[in-house]
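Undergrad: There's a structure below that I have some questions on.
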Amino acid sequence: MNKPRPLQLGDTIAIVSLSSGILGESFCTHQLDLGVKRLKSFGLHHVFMPNTLKGSKFLEDHPEARAQDLKDAFFNDSIQGILCAIGGDETYRLLPYLLEDEVFIEQVKKTPKLFTGFSDTTNNHLMFYKLGMASFYGPNFLSDLAELEDDMLPYTKAAFLSYFSNSSTRLISSSPIWYEEREEYSLNSLGQARRKHKETKGHQVLYGTGMVSGRLLGGCLESLSDGYSGSRYPEQKRIYEHYQLMPTIADWKGKILFFETSEETPSPELYRLYLQTLDDFNIFSVLSGMIVGKPMNETYYDEYNEILKTFAQRYQIPTIVNLNFGHATPRGVIPYGALCTLDLNNGIVLIDEAVFQET
């Protein structure tokens, strides 16, 4: 994978709204200000790309504007990193405006930049993976930099600060605390602490023993399933097939699949259906392992694991669950394409290479 360089003090971060345009709505102004303050505290400059704050309706109607912001961020030499505002549910609509642009494709290959976000941003990550650029399934602006507590959640803050370093290995640790999702994000919630719980499970080995290694590939489970099945948007499947975006069996061979579920906390029946979609494409038959994110609020935790274990056992896939990435808080970072080792005897997940280019 073509890797970006790590962030440095004084770098400029572009904020882009590639899916939902909610960051541009007036009711998010206090969160926008807070996120900017946090970026400045890290010694970073920022720029909102021209269409980022134009609001939900405009960006829903103009996927080409969202795509243009991403293009402009790559062509602007003063921008070193790209931070997604938030996820959504139809980022796939940007693909024709991006993958029909050979100049943009060449720019991505020539000048990789740090790109971070999660959820529906899976669509963007899969595009960058296809183009050979390493990206990061990690914090976004609205959910993480704009956390309404007096500071970012400690585990998430450490995850974001990891973008400034380039160690040869990285231990993906379990947070000692997990947090319930907020029900209220208004100005009245500014400074209010989340409900938190002591982590009593840590990384749980669902299946397997010993050690296995493989490169990381995955994202939000619903996004992955929708990409293969087209069950939510039939147009999405047509676009994906046209641009050959979804990883093939050859792409999945020997990989460690990482996935997590969205804030919609799908029912166990839907969870099984999403996994069955991956199975229908024979993905489980070629994996080296799986790592799975904690579900939001631990909803359906036991039910999900019982269902997943049937697939892990059937295909003898070493599997570790309850990692801190994706929609549940706090939120860590999973680097696409990085070599990862699972120690099933001790529940350890280790990134086995530097995730940025050597400087």
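What follows is calculated from the coordinates using simple rules that are stated; it is not laboratory data. This structure is a prediction, so every number in the text was calculated from the model and none was measured. Here Cβ is always computed from backbone atoms with ideal geometry, including for glycine, and neighbour counts include all displayed protein chains.
Undergrad: Convex hull over the alpha-carbon atoms of region 1-100: what's its volume per residue in Å³?
TA: Per residue, the Cα convex hull of region 1-100 comes to 104 Å³.
Undergrad: Using Cα-Cα distances under 8 Å and only pairs 6 or more residues apart, what relative contact order does region 114-209 have, in percent? Spell out each step's value before the answer.
TA: Values: 78 pairs, mean separation 22.4, N = 96.
Relative contact order for region 114-209 comes out at 23 percent.
Undergrad: Report the net charge of residues surrounding TYR97, where surrounding means a beta-carbon distance below 13 angstrom and charges are Lys +1, Arg +1, Asp -1, Glu -1.
TA: -3
Undergrad: Related question: To make sure I understand the rule: partners must be lysines, Cα under 27 Å from the Cα of LYS54, and not fewer than 8 residues away in the same chain. Which ones qualify?
TA: LYS37, LYS40, LYS71, LYS113
Undergrad: Can you work out D for the chain in µm² s⁻¹ from Stokes-Einstein, where Rh is the Kirkwood radius over C-alpha pairs, the temperature is 20 °C and the viscosity is 1.002 mPa s?
TA: 105 µm²/s
Undergrad: For the chain, with only Lys/Arg (+1) and Asp/Glu (-1) charged at the beta-carbon, what is the dipole magnitude about the Cα centre, in debye rounded to 20?
TA: Dipole of the chain, to the nearest 20 debye: 840 debye.
Undergrad: How charged is the neighbourhood of LEU44? Take every other residue with its Cβ under 12 Å from the Cβ of LEU44, and add Lys/Arg as +1 and Asp/Glu as -1.
TA: For residues surrounding LEU44, the net value is +2.
Undergrad: Still on this structure, I have one more. Rounded to whole Å, give me the distance from the Cα center of region 195-223 to that of region 241-270.
TA: About 15 Å separates the Cα centre of region 195-223 from the one of region 241-270.
Undergrad: Do the sum for the chain: with -39,500 (n - 2.57) for every DSSP H run of n ≥ 4, divided by all residues, what is the mean residue ellipticity at 222 nm, to the nearest 500 deg cm²/dmol?
TA: Mean residue ellipticity at 222 nm (helix-derived): -9000 deg cm²/dmol.
Undergrad: Just to confirm my numbers, what's the Cα centroid distance between region 8-29 and region 290-359 in Å?
TA: Between the Cα centres of region 8-29 and region 290-359 lies a distance of 28 Å.
Undergrad: A further question follows. Determine which lysines satisfy two conditions relative to LYS201: a Cα distance under 27 Å, and not lying fewer than 8 residues away in the same chain.
TA: Qualifying lysines at Cα under 27 Å: LYS157, LYS255, LYS294, LYS309.
Undergrad: GLN107 to GLU269: extension gain in nm, 0.36 nm per residue of separation minus the Cα-Cα distance? Walk me through the intermediate numbers first.
TA: Details: separation 162, 0.36 × 162 = 58.32 nm, distance 4.26 nm.
Stretched fully, the GLN107-GLU269 segment lengthens by 54.1 nm.
Undergrad: Which order, highest average first, do 83-94, 178-189 follow once you tally other Cβ atoms within 10 Å for each residue and take the mean per peptide?
TA: Put in order of decreasing packing, that is 83-94, 178-189.
Undergrad: How much length, in nm to one decimal, is gained on full extension between LYS40 and GLU25, taken as 0.36 nm per residue of separation minus their Cα-Cα distance?
TA: Gain on stretching LYS40 to GLU25: 3.2 nm.
Undergrad: Evaluate 2.2 N^0.38 Å with N set to the residue count of region 12-167, then give the Cα radius of gyration divided by it.
TA: 0.97
Undergrad: So if the hydrodynamic radius of region 143-230 is defined as the Kirkwood radius over C-alpha pairs, what does Stokes-Einstein give as its diffusion coefficient at 25 °C and 0.890 mPa s, in µm² per second?
TA: For the chosen part, D equals 147 µm²/s.
Undergrad: What is the gain in length, in nm to one decimal, between LEU350 and HIS62 on full extension, counting 0.36 nm per residue of separation less the C-alpha to C-alpha distance?
TA: 99.6 nm
Undergrad: Over the residues of region 106-183, compute the C-alpha Rg and express it relative to 2.2 N^0.38 Å.
TA: Region 106-183 yields a ratio of 1.26.
Undergrad: Shape of region 171-351 from its Cα gyration tensor (a ≥ b ≥ c, root eigenvalues): rounded if a/c is under 1.5, otherwise prolate when a/b > b/c, or oblate?
TA: oblate
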